[in-house]
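Peer 1: Before I ask anything, let me first share the structure, which is written out below as structure tokens.
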Amino acid sequence: NTNGNEGFEPYNRLKHFGSWVSADPGQSCMNTRAKLLSSRSEVPVEMSANGCTVRRGKWYDPYSNRYYTEASQIEIDHVVPLKNAYINGAHAWSKQKRCVYGNYVGNEFHLLAVQSSENSRKSDRTPERYVPSNRAYTCEYLKHWLQIKLYWRLTLTPSEKTRIVE
């Protein structure tokens with residue numbers, strides 16, 4: 001089941017998961033991305049003039065095993081991509097629960113600040129077709145993949161399971 005058309009509406013990221021949200025409207029204009037960049041930076045961040053967007057900081061990307069200082073170089077990766085989550089169980093969730101999944105910061109590994117081109121290379125791929133270029137991180141990446149699947153009660157496809165075992 002990889003095309004998202006079997007027994008449920010075809011996947012649409014914006015429609016099914018929404019976008020980054022502001023967890024405390026009225027108190028902060030920072031959305032999930034900005035808050036994650038701010039909290040995960042190893043140095044105090046530099047904000048935009050309006051205080052809503054992070055411009056600079058220092059982030060470690062475990063996928064590439066490198067540090068980055070410009071927020072424009074960083075994307076926030078859903079370790080288990082939204083499309084994979086949708087196809088493997090989230091299609092049955094409420095829109096609210098899918099929004100929570102898309103913005104979940106309850107642990108350090110559900111969402112990761114990673115270099116933009118590495119995130120693009122990953123896209124919505126599963127471990128069958130993607131593991132981080134930093135091979136020393138592969139086992140931890142797969143562990144987090146499985147933890148997320150278990151926590152959110154998402155299924156593993158047979159080929160996904162086979163590749164993870166390998």
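Peer 1: Residues in the stretch 146-166: is at least one loosely packed, with under 15 Cβ neighbours inside 10 Å, of a type in the set (Asp, Glu) and under 28 Å from ALA71 (Cα atoms)?
Peer 2: Checked against the condition, which is being loosely packed, with under 15 Cβ neighbours inside 10 Å, of a type in the set (Asp, Glu) and under 28 Å from ALA71 (Cα atoms), the stretch 146-166 yields no hits at all.
Peer 1: Can you name the residue in the stretch 126-166 that is β-branched (Val, Ile, Thr) and within 15 Å of the chain's Cα centre (by Cα) and, of all such residues, is nearest to ALA90 (Cα to Cα)?
Peer 2: Ranking the qualifying residues of the stretch 126-166, first place goes to ILE148.
Peer 1: What residue, among those in the stretch 132-144 that are touching a Phe, Trp or Tyr at 6+ places or on another chain (Cβ under 9 Å) and open to solvent by less than 30 Å² (accessible area, probe 1.4 Å), is farthest from TYR60 (Cα to Cα)?
Peer 2: Out of the qualifying residues, it is HIS144.
Peer 1: Can you name the number of the only condition in (1) in contact with a helix residue (DSSP H, G or I) (Cβ under 9 Å, 6 or more places away or on another chain); (2) closer than 26 Å to ILE87 by Cα; (3) open to solvent by 80 Å² or more (accessible area, probe 1.4 Å) that ARG55 fails?
Peer 2: Of (1) in contact with a helix residue (DSSP H, G or I) (Cβ under 9 Å, 6 or more places away or on another chain); (2) closer than 26 Å to ILE87 by Cα; (3) open to solvent by 80 Å² or more (accessible area, probe 1.4 Å), only one is false for ARG55: (2).
Peer 1: Can you run down the residue pairs with Cβ atoms below 6 Å, 6 or more apart or on separate chains, where the first is in the stretch 9-22 and touching a residue at least 12 places away in the same chain (Cβ under 8 Å) and the partner is among the charged types (D, E, K, R) and open to solvent by 70 Å² or more (accessible area, probe 1.4 Å)?
Peer 2: Pairs found: none.
Peer 1: Okay, moving on. For ARG129, indicate whether it is in a loop (DSSP other than H, G, I, E, B), open to solvent by 70 Å² or more (accessible area, probe 1.4 Å) and at pLDDT below 95.
Peer 2: yes
Peer 1: Can you tell me which residues in the stretch 77-118 are farther than 14 Å from ASN12 by Cβ, open to solvent by 20 Å² or more (accessible area, probe 1.4 Å) and of a type in the set (D, E, K, R)?
Peer 2: LYS97, GLU108
Peer 1: Using beta carbons and a limit of 7 Å, which pairs, at least six apart or on different chains, have the first residue in the stretch 60-73 and within 19 Å of ARG135 (Cα to Cα) and open to solvent by less than 20 Å² (accessible area, probe 1.4 Å) and the second one part of a loop (DSSP other than H, G, I, E, B) and polar (S, T, N, Q)?
Peer 2: Matching pairs, first to second residue: PRO62/ASN134; TYR63/SER133; TYR63/ASN134.
Peer 1: Count, please, the residues in the stretch 38-52 that happen to be surrounded by 15 or more Cβ atoms within 10 Å (Cβ to Cβ) and aliphatic (A, V, I, L, M).
Peer 2: 2
The values are calculated or read from the model by the stated rules, or taken from the named source; none is laboratory data. Fair warning: this is a prediction, and the values are worked out from it, not measured in the lab. Every residue, glycine as well, gets a Cβ built from its backbone with ideal geometry; the counts of neighbours run over all protein chains shown. Protein only, heavy atoms only, side chains kept; ligands, DNA and RNA dropped before computing areas. Shrake-Rupley method; radii C 1.70, N 1.55, O 1.52, S 1.80 Å.
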